[in-house]
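Coordinate-derived values only; no laboratory data. If you're wondering where the values come from, they're calculated on a predicted model, not measured in any experiment. Heads up, the Cβs are rebuilt from the backbone with ideal geometry, glycines too, and the neighbour counts pull from every protein chain shown.
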Amino acid sequence: MSKVFEYFKQVGGAFGPSGREDDVREVIGAMAGDLCDDIQTDALGNLICRKKGTAEDKKKIMFAAHMDSIGVVATFIDEKGFIRFSQVGGLSWSDLINIQIRFANGTRGVISFEEKTPWREMTQGNLFIDIGAKDKEDAERMVRVGDFAVFEAQPFTQNGVLCGPYLDNRIGCVTLLLAMEQLPETVPNDVYFVFTAQEEVGLRGAGPAAYAIQPDLAIAVDVTDTGDLPEQKYPMACEMGKGPAVKIMDSSVICSPEVVKLLDDTAKALDIPTQHEILKFGGTDTAMLQKTRMGALAGAVSIPTRYIHSPSEMCSEADVENAAKLLAAVASK
């Protein structure tokens, strides 16, 4: 078992939809405890791990990976015990048909759909959760309105490829943990590894964390789409297995050229394969890092990932390992 997969099973298996990141934070905090000098949690639930620098003119370097995931929340239970729900973060109804989900208390269920509705007219409003309840009263003993649930699927690794739910963005968290392990005993600058909350519902955690830290350099770590699938609708230059991607821009940010150059030059010096990423749709914590206080030099390293926001996301373990190596080198400068 690779270390990437070993770490992902721990971090990815923790319950943590947006706003309910406590279990993920506890797992990561335990794994990071011996790798940094101090750990704190802010009011929004961000986990901030700091390794103190030794240089007299030290700067602040911030790495951020969001630990929350997309999910669903129960909104109504009908007389037969079927549960209607709303999304937490961005979901496509077509990814939800007949998949298994798990509530925080361990109750499991299946998402299904109203079969009389024509497929072309289907929306999320035509879906429901079946927990095998006899009726409403029976269902309410297991699930209450307001309870959150996440995808329930078994991750696997095969031929250097990792597949499972919530690579977005637990694989980014794994990348930061691997980078922390590779830091030398002393570093010149203060290095902050921040595991942010509520990214999937509006990049809410990264801004306050960056505001408090005031980084001189900030780099987000997240997943990005790939353009390597058959007959893909939107062309994209990133491919799974060809190295971590250095973000140029997405719909929410244009990365600081200085940070792009730093990442490119560092990767080249270490012979780490990288790609350039331009994501036409979607954004990451990078935008909030860049806009903190009077602004900060900001960029991102992305893990090329297929089938994002589905229960079966897929990435290359080598891309994760190379991303961690790149971040550790930047932090050690």
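So the values come out like this:
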item: Pairwise FRET efficiency - residue 135 versus residue 276, Cβ, R0 = 51 Å, nearest 0.05; result: 0.35
item: Between helix 22-32 and the chain: long-axis angle, C-alpha atoms, 0 to 90°, nearest 10; result: 30 degrees
item: Percent RCO, i.e. relative contact order, over the stretch 27-137, from Cα pairs under 8 Å lying at least 6 residues apart; result: 21 percent
item: Interchain or long-range residues, amide H under 5 Å from residue 166's placed H; result: 313
item: Mean Cβ count within 10 Å, highest first, over the residues of peptides 292-303, 2-13, 65-76; result: 65-76, 292-303, 2-13
item: Pair residue 23, residue 55: separation of 7 Å Cα→Cβ label points (nm); result: 4.1 nm
item: Percent antiparallel among DSSP beta bridges (both partners in the chain, rounded to 5); result: 60 percent
item: Entries in 268/325; 60/333; 3/325; 58/291 that, when Cα-Cα distance is taken, lie over 18 Å; result: 58/291
item: MRE, 222 nm, helices only [DSSP H, n ≥ 4, -39500 (n - 2.57), over the chain, to nearest 500]; result: -7500 deg cm²/dmol
item: Relative contact order, percent, the chain [alpha-carbon distance under 8 Å, six or more residues apart]; result: 23 percent
item: Unmatched cysteines, the chain - criterion: no other Cβ of a Cys under 4.7 angstrom; result: 163, 173, 238, 255, 315
item: Residue-by-residue Karplus 3J(HN,Hα) for the stretch 133-142, coefficients 6.51, -1.76, 1.60, Hz, glycine and proline x; result: 6, 6, 6, 4, 4, 5, 5, 5, 6, 10
item: Helix 317-331 axis, angle to the chain major axis (alpha carbon atoms, nearest 10°); result: 40 degrees
item: Rounded to 10°, Cα long-axis angle of helix 257-269 versus longest principal axis of the chain; result: 80 degrees
item: For a label point 7 Å along the Cα-to-beta-carbon line of residue 34, residues of the stretch 170-192 with backbone N under 13 Å; result: 181
item: Rounded FRET efficiency, nearest 0.05, which uses the C-beta distance separating residue 110 from residue 233 and R0 of 22 Å; result: 0.15
